[in-house]
Amino acid sequence: MPKPVLLITRKLPAAIEARAARDYEVRLNPDDAPWFRDGAEIAKRAQGADGILCAAGDPMSAATIAALPASVKCIATFSVGYDHLDVAAAKARGITCTNTPEVLSFATAETAMTLMLMAARRAGEGERMVRAGKWEGWAPTQLMGVTLEGKKLGILGMGRIGRELAAMARGFKMEIHYRDINPLPAEAAQGAIYHDNDDSFLSTIDVISMHVPGGDATRKWLNAERLAKMKPGHLVVNSGRGGSVDDAALVASLTSGHTRAAGLDVYDGEPKVFPGYFALENVALLPHLGSATIEVRDAMGHRALENLDAVLIHKKPAPHAIG
Ligand code: DGY
């Protein structure tokens, strides 16, 4: 039996590429060249392929999917988020789409916690000061931030990542509040306080951490009107999807000081970053490294391959099918 043909759009950890090469005739993108941003190029490279292992940021739009050959039966994204992948268009063509949930929840929550600490304690600003040779020694009023202890953390989207963050934040003695479509069962909520409307949520919390999926339903959710409802001096953290924040509104709020500080790992239209952020000291900017640990990227790769194996080799339903 010939091996199924698998197009892998991005360079992956060595163990994952080795496993893929064992079970598939692989087409790799060995140098991570930018053709991955071009849907037409992906479709061209997919000629004769049975499956595609793509990644967050790949333009797997309806147009890309329409241009894929009929041979493609499974698209496995190396990510939990799939706002880059038109699942409905794929489904209409009989293509199974899958993602990599669970394995990255803790790491992504760690990134949110990192950003929260950087924002609260002005860590990026301090690091830049030291590197620039501008630090003149300890001073009683230098770079004073705020403590997280006793603050109210508002988690927007209490899914797996939100719940991991809640567990970490309890260790920082924060009080946990959350906003979601429905409340969690008491055992899962672990004492976190549910808000069934934006106004009570926003007016209560000191820090907001965004954990909502991308797409039209959450587009620019954190806008000027919602920021204005938050207490002066609040913190904003986003490690979910960049499109859920109105960048111009957040820059204005950071500039006025109504938002004390922010920490961002994701950007609308990334890798483009809203230019207004660069002039601000009170925003920490990370390059979408939410799940970027050695352990997690291996686990994500294995999960993506388990899904492809199910569909293309074992002819079974994929364990993490989406849509
Ligand atoms: C995800 O998995 O959706 C991340 O944002 C990409 O690492």
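Out of all the residues in the stretch 268-286, is one or more of a type in the set (Ser, Thr, Tyr), modelled with pLDDT of 95 or more and touching a strand residue (DSSP E or B) at 6+ places or on another chain (Cβ under 7 Å)? Within the stretch 268-286, one or more residues are of a type in the set (Ser, Thr, Tyr), modelled with pLDDT of 95 or more and touching a strand residue (DSSP E or B) at 6+ places or on another chain (Cβ under 7 Å). Only one of these is more than 18 Å from Val311 (Cβ to Cβ) and not polar (S, T, N, Q): Gly94, Gly57. Name it. Exactly one of Gly94, Gly57 is more than 18 Å from Val311 (Cβ to Cβ) and not polar (S, T, N, Q), namely Gly57. The conditions of being surrounded by fewer than 15 Cβ atoms within 10 Å (Cβ to Cβ) and not in a strand (DSSP E or B) are not met by Glu164. Kindly indicate which of Val296, Val236, Val311, Val273 is assigned to a strand (DSSP E or B) and either more than 14 Å from the ligand (Cβ to nearest atom) or in contact (Cβ under 8 Å) with a residue 24 or more places away in the chain (or both). On inspection, the qualifying residue turns out to be Val236. Yes or no: the stretch 26-34 includes at least one residue that is in contact with a helix residue (DSSP H, G or I) (Cβ under 9 Å, 6 or more places away or on another chain) and within 24 Å of Pro317 (Cβ to Cβ). Scanning the stretch 26-34, I find at least one residue that is in contact with a helix residue (DSSP H, G or I) (Cβ under 9 Å, 6 or more places away or on another chain) and within 24 Å of Pro317 (Cβ to Cβ), so the answer is yes. Do we find that Ala112 is closer than 30 Å to Leu53 by Cα and of a type outside the set (Val, Ile, Thr) in this structure? Taking the combined requirement at face value, the residue satisfies it. Could you tell me whether the stretch 246-257 includes any residue that is part of a loop (DSSP other than H, G, I, E, B) and exposed (fewer than 15 other Cβ atoms within 10 Å of the Cβ)? Yes - at least one qualifying residue is present in the stretch 246-257.
For the stretch 218-231, a residue qualifies if it is away from the ligand (no atom under 16 Å from the Cβ) and farther than 19 Å from Met174 by Cβ, and the qualifying residues are Arg219, Lys220, Trp221, Leu222, Asn223, Ala224, Glu225, Arg226, Leu227, Ala228, Lys229.
Residue-level check: of (1) at pLDDT 95 or above; (2) surrounded by fewer than 18 Cβ atoms within 10 Å (Cβ to Cβ); (3) farther than 15 Å from Leu308 by Cβ, Lys44 misses just (1). Just name the residue that is surrounded by the fewest Cβ atoms within 10 Å (Cβ to Cβ) out of those in the stretch 105-135 that are away from the ligand (no atom under 16 Å from the Cβ), part of a helix (DSSP H, G or I) and among the charged types (D, E, K, R). Among those residues, the one meeting the criterion is Arg131. Arg226 falls short of the stated requirement of being part of a strand (DSSP E or B) and either among the charged types (D, E, K, R) or modelled with pLDDT of 95 or more (or both). Taken as a whole, the stretch 173-184 holds at least one residue that is loosely packed, with under 13 Cβ neighbours inside 10 Å and farther than 30 Å from Met60 by Cβ.
Evaluating Val72 against the criteria (1) out of contact with any Phe, Trp or Tyr (no Cβ under 7 Å at 6 or more places or on another chain); (2) part of a loop (DSSP other than H, G, I, E, B); (3) touching a residue at least 40 places away in the same chain (Cβ under 8 Å) leaves one unmet condition, (3).
Residues in the stretch 111-125 that are more than 11 Å from Ala284 (Cα to Cα) and either of a type in the set (Val, Ile, Thr) or free of Cβ contacts under 8 Å to residues at least 60 places away in the same chain (or both): Thr111, Met113.
The values are calculated or read from the model by the stated rules, or taken from the named source; none is laboratory data. Note that this is a predicted model, so its numbers are computed, not measured. Backbone-built Cβ (ideal geometry, glycine too); neighbour counts: all protein chains shown.
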